[in-house]
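Right, I'll just put the structure down here and ask away after.
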Amino acid sequence: MARQVLKDIDKLLPELEQTLQQKDCEQLRKLYHSAKGLALNGSCHELAKIAEKLEVESKAAKLKEVQDGHESFLSTAKATAQALEKFLKHSESQNPD
């Protein structure tokens, strides 16, 4: 599950960047909604919380707030990815197949 969350978030980040540049609030809302679901599936609650906030702001077409919050989303996504990678490496070393 953790590995799939990493892959899916990795795939989502460039889409978010492109959509943010296009200033498409409805598509941003959909993407942050997806990010929230991915984060919750991976028990990444802090990332889900930020994604939910950005989803709501996108729905309200508060582009400035979305742009400002996106940096926090990115840094949290990167920190989450690093923590998941560390967890996976530790798990694999404890349970070699």
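All of the numbers you see were taken from the coordinates with simple rules; none came from a lab. Quick caveat, the model's predicted, so the values are computed rather than measured.
What number, rounded to the nearest 500 deg cm²/dmol, is the helix-based mean residue ellipticity at 222 nm of the chain, given -39500 (n - 2.57) per DSSP H run of at least four residues and division by all its residues?
So the helix-based figure for the chain works out to -30500 deg cm²/dmol.
Under the Kirkwood approximation for Rh and a Cα-based Rg, what ratio Rg/Rh is obtained for the chain?
Here Rg/Rh amounts to 1.04.
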